[in-house]
There are 2 protein chains.
Amino acid sequence: MILTVTLNTALDITYRVPSLRPHTSHRVSQVTERPGGKGLNVARVLAALGHEVTVTGFTGGATGSVVRDRLADSLGVADALVPVAGATRRTIAVVDERTGDTTQLNEPGPVITPGEWSTFQDVYENLLGSVSAVALCGSLPPGVPVGAYAGLVRSAHTADVPVLLDTSGEPLRRAVAARPDIIKPNAEELAELTGSHEPLRATQDARRRGARAVVASLGGEGLLAHTPEGHWRATPPARVHGNPTGAGDSAVAGLLSGLVEHLPWPDRLARATALSTATVLAHAAGEFDRGAYEELLGRVSVTGEVSAA
Amino acid sequence: MILTVTLNTALDITYRVPSLRPHTSHRVSQVTERPGGKGLNVARVLAALGHEVTVTGFTGGATGSVVRDRLADSLGVADALVPVAGATRRTIAVVDERTGDTTQLNEPGPVITPGEWSTFQDVYENLLGSVSAVALCGSLPPGVPVGAYAGLVRSAHTADVPVLLDTSGEPLRRAVAARPDIIKPNAEELAELTGSHEPLRATQDARRRGARAVVASLGGEGLLAHTPEGHWRATPPARVHGNPTGAGDSAVAGLLSGLVEHLPWPDRLARATALSTATVLAHAAGEFDRGAYEELLGRVSVTGEVSAA
């Protein structure tokens, strides 16, 4: 069983409009809704890969009920979400049908009370007793202390459960010092953490700050990994066009599934890169195209070298 | 008891963002929600004026539950909404804090099945037995026949209940032929109905098409009324600045309360104009400033003449 944590779950709503013109009124031509927040996206991809997965974090209000109802319909995802008094946030992606561009509006999320945060920590520590790996994903809702992920990383260490962290800003900086097994920043998050815009230097620096392994996602250029076992670069066979929403979450699912299956790093990176690329190619945002994934898997180039023992 | 009908109820959501820039990502700094749809707005104002009011129309899904929960908190509004399988639509108003401008995104609303429409008609005809007036407000959700309001006007006539209609486009055109007691188009809706952009000529033309009385709302310039009893123009004492959301709904509440209180037309028009202006001046969209309303009531200018008997 793999555990994914999404402290700031969301109801992801997509609106299609013929053309977005600020300060005018629009009739939305199509509305789609799905459970969101990085950890829930990771869980969906893990389930599609055949892994048993449990999700936890916070949900509340009418939006939270929709998220839980939809999750219950997803085969293979167990719901250990903690109910809170506030309402789960909405995110609205407004797709301009003329240009294909997306305008994003993200609600901040409910304020989590100290009692709710304490309940979550109990639930999390309990779940750690029965999982093979954990992913800590996304932003913190208001009320959750900025050092939250650092504490959750330490609890995972105590329970001897490997932990992957995918967040940004100050919560990332604090948690890196607690020595997570893997972090997966994108180029911008990595630069914010290390002060360096040079990915090779920045991944090395992030390891010096405490992360055991750093896998930087470089958008369409693939992944750059620095680990105790070696360093590699994974590159998709060609640049693809499509919707990058969820591509990073698919990469996390690839890395995490590879970890619990004890795959060597080059195989984990190939899987993560193929899943990420197949997500950009999918029709629905955040899904992945299984045919494209299987076809891409053998065509990802992984170059690098194993560390001297 | 006054009845207001809102076939396409809504959960009205307002987002404040520092500055709206298309094709970028925004953190929403403030989220507010309230039950919406013209008839619900009218009902709230009527209740604030001390009238007993019942609301009907359709609600469904998680958004519909939020609408009903919030309505239950509004003192004096009785809920006779008909549950449907589809989800009540959301409307999103994105307020740009830099310019104060609003960008509106309106979902289409749930598809109403023939069975749900038939259930509504039964509920409506039942309610007509115990009400002193009815307001038919707003757009039609998908699935409701375009001649719906014409049928609802005829049912009101059969039950001897005066009916005010506030809609637009083809549903307005069809229903005007069924001879509603009052219609309250704005200048644009009136021009669309009659083909004339000259309000005086257009209100007269709308009466020839079947409406017994026509009250055109001319934005900040007040109201223009043509009725069997005479014709008048009501003008607020000064142009005001603020948020015009709901100003037309407050005018409807003013006209309808004046009708059931048997006020002469000039008093109804003064009340409707003062309420409408006090709504523009209110802090929250769609509310009205009671102090401003009471102060404005004596200062609205109403000029015109009574028809020859």
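The values are calculated or read from the model by the stated rules, or taken from the named source; none is laboratory data. As the structure is a prediction and not an experimental result, all values here were calculated from the model. Neighbour counts run over all protein chains shown; Cβ positions are idealised from the backbone, glycine included.
Residues in the range A:181-222 that are in contact with a helix residue (DSSP H, G or I) (Cβ under 7 Å, 6 or more places away or on another chain), of a type in the set (A, V, I, L, M) and part of a helix (DSSP H, G or I): A:ALA187, A:LEU190, A:ALA191, A:LEU193, A:ALA202, A:ALA206. For B:THR4, state whether it is hydroxyl-bearing (Ser, Thr, Tyr), more than 14 Å from chain A (Cβ to nearest Cβ) and either closer than 22 Å to B:LEU275 by Cα or crowded, with 18+ Cβ neighbours inside 10 Å (or both). Spelling it out, B:THR4 is indeed hydroxyl-bearing (Ser, Thr, Tyr), more than 14 Å from chain A (Cβ to nearest Cβ) and either closer than 22 Å to B:LEU275 by Cα or crowded, with 18+ Cβ neighbours inside 10 Å (or both). For the range B:7-43, a residue qualifies if it is in contact with a helix residue (DSSP H, G or I) (Cβ under 6 Å, 6 or more places away or on another chain) and within 10 Å of another protein chain (Cβ to nearest Cβ), and exactly one does: B:LEU11.
Across the range B:1-28, the number of residues qualifying as touching a residue at least 24 places away in the same chain (Cβ under 8 Å) and under 29 Å from the mean Cα position of the chain (by Cα) comes to 18. Annotation note: Cβ proximity below 7 Å between a residue of the range B:80-105 that is without any contact (Cβ under 8 Å) to a residue 60 or more places away in the chain and a residue that is acidic (Asp, Glu) (sequence gap 6+ or interchain) occurs for B:VAL82/B:GLU116; B:VAL84/B:GLU116.
Just checking, which of B:SER155, B:SER118, B:SER168 is surrounded by fewer than 22 Cβ atoms within 10 Å (Cβ to Cβ), closer than 14 Å to B:ALA206 by Cβ and free of Cβ contacts under 8 Å to residues at least 60 places away in the same chain?
One residue alone meets the criteria, B:SER168.
Here A:THR99 meets the list (1) out of contact with any helix residue (DSSP H, G or I) (no Cβ under 8 Å at 6 or more places or on another chain); (2) buried (at least 20 other Cβ atoms within 10 Å of the Cβ) almost entirely, failing just condition (2).
If the requirement is being over 21 Å from the mean Cα position of the chain (by Cα) and small (Gly, Ala, Ser), which of these qualifies: A:ALA93, A:ALA72, A:ALA80, A:ALA85? Just one listed residue meets the conditions, A:ALA85.
Note on the range A:1-54: enclosed strands (runs of 3 or more DSSP E) holding 3 or more residues that are closer than 24 Å to A:GLY129 by Cβ are A:2-6. Residue count for the range B:63-115, restricted to those that are under 25 Å from A:VAL17 (Cα atoms), part of a helix (DSSP H, G or I) and polar (S, T, N, Q): 1. The requirement of being in a loop (DSSP other than H, G, I, E, B), touching a residue at least 12 places away in the same chain (Cβ under 8 Å) and within 22 Å of B:ALA48 (Cα to Cα) is fulfilled nowhere in the range B:247-263; no residue meets it. Among the residues of the range B:46-102, those that are within 12 Å of chain A (Cβ to nearest Cβ), touching a strand residue (DSSP E or B) at 6+ places or on another chain (Cβ under 7 Å) and closer than 19 Å to B:SER139 by Cα comprise B:THR63, B:VAL67, B:THR88, B:ARG89, B:ARG90, B:THR91, B:ILE92, B:ALA93.
Tell me, yes or no, whether the range A:274-291 has at least one residue that is over 23 Å from A:THR91 (Cβ atoms), out of contact with any Pro (no Cβ under 9 Å at 6 or more places or on another chain) and assigned to a helix (DSSP H, G or I). Checked against the condition, which is being over 23 Å from A:THR91 (Cβ atoms), out of contact with any Pro (no Cβ under 9 Å at 6 or more places or on another chain) and assigned to a helix (DSSP H, G or I), the range A:274-291 yields at least one hit. Filtering A:VAL252, A:VAL302 for residues that are among the β-branched types (Val, Ile, Thr) and surrounded by fewer than 23 Cβ atoms within 10 Å (Cβ to Cβ) leaves a single hit, A:VAL302.
Note on the range A:130-147: residues that are buried (at least 19 other Cβ atoms within 10 Å of the Cβ) and of a type in the set (S, T, N, Q) amount to 1. Total residues in the range A:230-271 satisfying the condition of being more than 24 Å from A:LEU3 (Cα to Cα) and at pLDDT 95 or above: the figure is 7.
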